[in-house]
């Protein structure tokens, strides 16, 4: 899956493959407990993008990369929280 973003340092295309793989694994997991480790690893992968030292607010590609990464991190965080809630409800 290619987004067509032009990354000035090539970080986005290198990470995108890993992010796509982790997202696929996360989506294939059937329970919140199974999704948790994939979500944690996904967060680590997008944190690399969010920590980019060459982020340029003036570049649309940089803003899109940051936006995609924030959405992915937020989604993964919600999945982890749901898993914790689920495990608290179980006897």
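Report the extension gain between residue 81 and residue 33 in nm, rounded to one decimal, defined as 0.36 nm multiplied by the number of residues separating them, less their alpha carbon distance. List each step's numbers first, then the result.
Numbers: separation 48, 0.36 × 48 = 17.28 nm, distance 1.04 nm.
Full extension from residue 81 to residue 33 adds 16.2 nm.
With the Cα gyration tensor of the range 49-91 in hand, give its eigenvalues times 5 under a square root as the equivalent ellipsoid semi-axes, listed largest first in whole angstrom.
Numbers: eigenvalues 223, 14, 4 Å².
Equivalent ellipsoid of the range 49-91: 33, 8, 4 Å, largest first.
Taking each DSSP H run with n ≥ 4 as -39500 (n - 2.57) and averaging over every residue of the chain yields -25500 deg cm²/dmol at 222 nm.
I need the peptides 42-53, 9-20 ranked by packing, meaning the mean over residues of other C-beta atoms within 10 angstrom, with the highest value on top.
Details: 42-53: 16.8, 9-20: 15.2.
Ranked by mean Cβ neighbours within 10 Å, highest first: 42-53, 9-20.
The tail of the calculated P(r) for the range 1-55, taken as Cα-Cα distances beyond 17 Å, holds 41 percent of the pairs.
P(r) for the range 11-89: what percent of alpha-carbon pairs falls in each 10 Å bin, starting at zero? The percentages, shortest bin first, are 20, 47, 24, 9, 1.
No lab work stands behind these numbers, since they all come straight from the coordinates. Small disclaimer: the values here were computed from a predicted structure and weren't measured. Heads up, the Cβs are rebuilt from the backbone with ideal geometry, glycines too, and the neighbour counts pull from every protein chain shown.
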